[in-house]
Amino acid sequence: MTRFRSTPLMLAAALFGAGCSGDNTTMPIGDDGARMYNQVQRLGNPLVSEVFLAKRSHALHGSTGPAADQATIQAEFINFIATVAGRNATVQNTLAAVLLPDMLIVQTDKEPTTAGWLSWALADGYGGRKLADDVVDAGLVAIFGPLLDANNVSPGLSTDNVGNDSNFLTVFPYVAAAN
């Protein structure tokens, strides 16, 4: 009989022990039980913030989530493409559709040895890049070069003229020490 009385006690102790871990991180819990996070910055595609948005908009873009992009930055984004870059509505809408919401998408169903640089629309269904890809030049070609419209070309603006001087490792973390 003693064995049966101690069973609930042992079960409770086992459940309590399983709920504990060595993780010392604290995370506030909201009233609804959901974990709450404090977003400090976001740069899914750095060109969205650094090229398309005015400096005054960086804090708003960095502190809101991708779901707010249409309401908070899309108009400014398209305005830059239209007025500063001088691109037609097709290019404006294509870049907005591809780059907004500004987030990284991981597609684990794609062959990992392939990579695309912008997103699914311009990268054959794979949003990502290789370490050696020059993402700034790729983005500038999309904005100022013939990638989306052969007639939309601004010579000299489709490269930052900065070459890759990094040696990448063949094993994780792949990125060599800073030089």
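The values are calculated or read from the model by the stated rules, or taken from the named source; none is laboratory data. Given the structure is predicted, the values throughout are model-derived calculations rather than measurements. We place every Cβ from the backbone using ideal geometry, glycine too, and count neighbours over all the protein chains shown.
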| Which residues, taken from region 57-72, are under 13 Å from Pro46 (Cα atoms) and not small (Gly, Ala, Ser)? | His58, His61
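Rundown of residues vs (1) among the hydroxyl-bearing types (Ser, Thr, Tyr); (2) modelled with pLDDT under 90; (3) surrounded by 11 or more Cβ atoms within 10 Å (Cβ to Cβ); (4) in a helix (DSSP H, G or I), yes/no style:
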| site | (1), (2), (3), (4) |
| --- | --- |
| Leu9 | no, yes, no, yes |
| Thr26 | yes, yes, no, no |
| Gly33 | no, yes, no, no |
| Gln41 | no, yes, no, no |
| Phe80 | no, no, yes, yes |
| said: Tell me whether region 98-118 contains one or more residues that are modelled with pLDDT of 75 or more, crowded, with 17+ Cβ neighbours inside 10 Å and assigned to a helix (DSSP H, G or I). | reply: yes
| How many residues are in contact with a helix residue (DSSP H, G or I) (Cβ under 9 Å, 6 or more places away or on another chain) and not in a loop (DSSP other than H, G, I, E, B) if we restrict to region 140-157? | 3
| message | Looking at Asp124, Asp137, Asp160, Asp133 in this structure, which one is modelled with pLDDT of 80 or more and part of a loop (DSSP other than H, G, I, E, B)? | response | Asp160
